[in-house]
Amino acid sequence: MAQLIPVEVFDLIIFGGTGDLAMRKLLPALYHRDRDGQVVGDSRIIAIGRSALSRDAYLQDVEKSVRATLVDGELGAAQWAAFSQRIHYVQLDAVAHQHWGELVELLRGREQLTRAAYLATAPGLFGPIAKGLHSNGLVTANSRIVLEKPLGQDLASASEINNQVGACFAENQIYRIDHYLGKETVQNLLALRFANSLFEPLWRRGAIDHVQITVAEELGVGGRIEFYDKVGALRDMVQNHLLQLVCLTAMEPPSSLHHDAVRDEKIKVLRALRPINAETVGKYTVRGRYGAGAVDGVTVPSYSDELGGANSDTETFVALKLEIDNWRWSNVPFYLRTGKRLKSKQSEIVVQFQDVPHSIFPEQQFNVKANRLTIRLQPDEGVKLSLMAKEPGPGGFELRSVSLDLSFEETFGLRYPDAYERLLMEVLRGNPALFMRRDEVDAAWEFVDGIIAGWARSRQKVESYVAGSWGPSAASLLLDRDGRAWHAND
Ligand code: BG6
């Protein structure tokens, strides 16, 4: 296992401390890092919530959440005692500007320490909280602020939030989260591309036919439907997670791992995306929404039923064909799809190489399959390279597609940490490489805004799909028109 370096003593203030993200992800992630010795000294976690809760009542909730993430369910008494004594709970209403005094008192005299404010709240609160921290004198030279997604609804609202937060914190103090960047396999993409000389000469037009990125979920929208209905799959998943995956797959080699070197290359990809507008949305995009069906043998209701039968124009599935207008990727389409209530939870990047230019196996010509590199993000993180081989036997010459298949878990024999474990440590360490710079967020919104405006102007339909399928048939047609097919549909 890579060496775990402790982070310097810190005060981490979690706004939205009683919310779903804090309970399900942030506090369990901090517990695991504490247990492994990365959290040291009198580092503290200050949870902020609007409800009046005693510290004991809050700790009970945290204990339950942490327990739920333990593989063996075992929460050692000593480990819990060490972790829980770091946790404080403060009641504060950032919008009503009430009760900042208690937080100010708690932080007094600790100005030299790393101070991070994690905003696990609705984006509408980002500006008011940043202002509250600033006007109460809580922004120190060692401060940073972490913004959860979604960062607005479009470029205009994202810019407003960025301006409000930017008035109180310098850009290098602002950490915009995309938790996909904290996933081990996503980072492994950098290792695969830039720590191996094998792939780089082939990572371009002329060798690659096209790229597919699938992020499929079995889960429906569930309890988030009120929020989700205003957002949809394009804003929820493509604007951030999928476009980040496109960037890491398509970017030029950065000169170093320095955060700006990587981010400078990623932004070039976003700026090279061919805009999709009202004239082209019909050809380049598909929108879908799940109807009733069965996932994993369990019957599930339709999106509309979950919404109580109300009318909605929100998509729970989107498929796109992207063109990247630069030398490396000219005429190499990137097909993206993501959706809820699909057949299985499966996220992968598939790099489809070109067919052999001439087959010397005339009787086998239909058996010669182009090579394919599959990077599995979840579940069973790993890399698979499909190759052609001769079937063993003394007679004839039969070809078969075989694969070199590497499962990271089997190879490294390790529990894969949750993305938030790494991201939180990077915030506290002051390394913004795995976070989005403002210009990246803006460029991604600009691209996505074009599609949304195109959908509105062309009145593009949301196609229905059966829950538990691979999405609407139009998604297959998107590739079929180009003589291609999605890979994971089995
Ligand atoms: C979140 C989206 O950002 O990512 C959710 O808001 C989605 O709708 C989730 O379910 C998927 O994350 P993961 O890590 O489970 O692939």
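The values are calculated or read from the model by the stated rules, or taken from the named source; none is laboratory data. Note that this is a predicted model, so its numbers are computed, not measured. Reconstructed Cβ throughout: ideal geometry from the backbone, glycine too, with neighbour counts over all protein chains shown. Only protein heavy atoms, including side chains, enter the accessible area calculation; ligands, DNA and RNA are left aside. Shrake-Rupley method; radii C 1.70, N 1.55, O 1.52, S 1.80 Å.
What the table below lists for this structure:
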item	result
Within the chain, percent of DSSP bridges classed antiparallel, to nearest 5	55
Accessible area in square angstrom per residue, the stretch 296-388, 1.4 angstrom probe	48
Taking the stretch 196-294 and dividing mean pair separation by its residue count, relative contact order in percent (alpha carbons under 8 Å, at least six apart)	16
Interchain or long-range residues, amide H under 5 Å from Leu53's placed H	none
Of all accessible heavy-atom area on the stretch 338-424, the percent that carbon and sulfur account for (1.4 Å)	54
Packing-based ranking, highest mean first, of 408-416, 371-379 given that Cβ atoms within 10 Å are counted	371-379, 408-416
Whole-Hz ³J(HN,Hα) from phi, Karplus 6.51 cos²θ - 1.76 cosθ + 1.60, for the stretch 274-291, glycine and proline x	5, x, 10, 10, 4, 6, 10, 4, x, 8, 9, 9, 9, 10, x, 9, 6, x
Order by protection proxy (mean Cβ within 10 Å, highest first), peptides 173-180, 389-396, 278-285	173-180, 278-285, 389-396
Most to least packed among 401-407, 182-188 [average Cβ atoms within 10 Å]	182-188, 401-407
Hydrodynamic radius by Kirkwood, which averages 1/r over all alpha carbon pairs of the stretch 18-133, in angstrom	15.2
Helix-derived mean residue ellipticity, 222 nm - over the chain, DSSP H n ≥ 4, -39500 (n - 2.57), to 500	-9000 deg cm²/dmol
Placed amide H near Lys149: partners under 5 Å, 5+ positions off or other chain	Ile177
At 0.890 mPa s and 25 °C, Stokes D of the chain from Kirkwood alpha-carbon radius, µm² per second	101
Linear extension gain, His258 paired with Trp327, 0.36 nm per residue minus alpha-carbon span	22.4 nm
Phi-based couplings in Hz for the stretch 298-315 (Karplus 6.51, -1.76, 1.60; Gly and Pro marked x)	10, 5, 10, x, 6, 4, 4, 5, 4, 8, x, x, 5, 6, 8, 10, 8, 9
Relative contact order for the stretch 388-490, counting Cα pairs under 8 Å that sit 6 or more residues apart, in percent	9
Gained length - Leu387 relative to Glu226, 0.36 nm times residue gap less alpha-carbon distance	53.3 nm
Hz values of 3J(HN,Hα) by residue in the stretch 386-393 - Karplus curve (6.51, -1.76, 1.60), Gly and Pro given as x	8, 10, 9, 9, 8, 5, x, x
Potential lengthening between Gln354 and Lys268 on full extension [0.36 nm per residue; Cα-Cα distance subtracted]	28.4 nm
Dipole magnitude of the stretch 327-449, debye to nearest 20 (Cβ charges: Lys/Arg +1, Asp/Glu -1, about Cα centre)	200
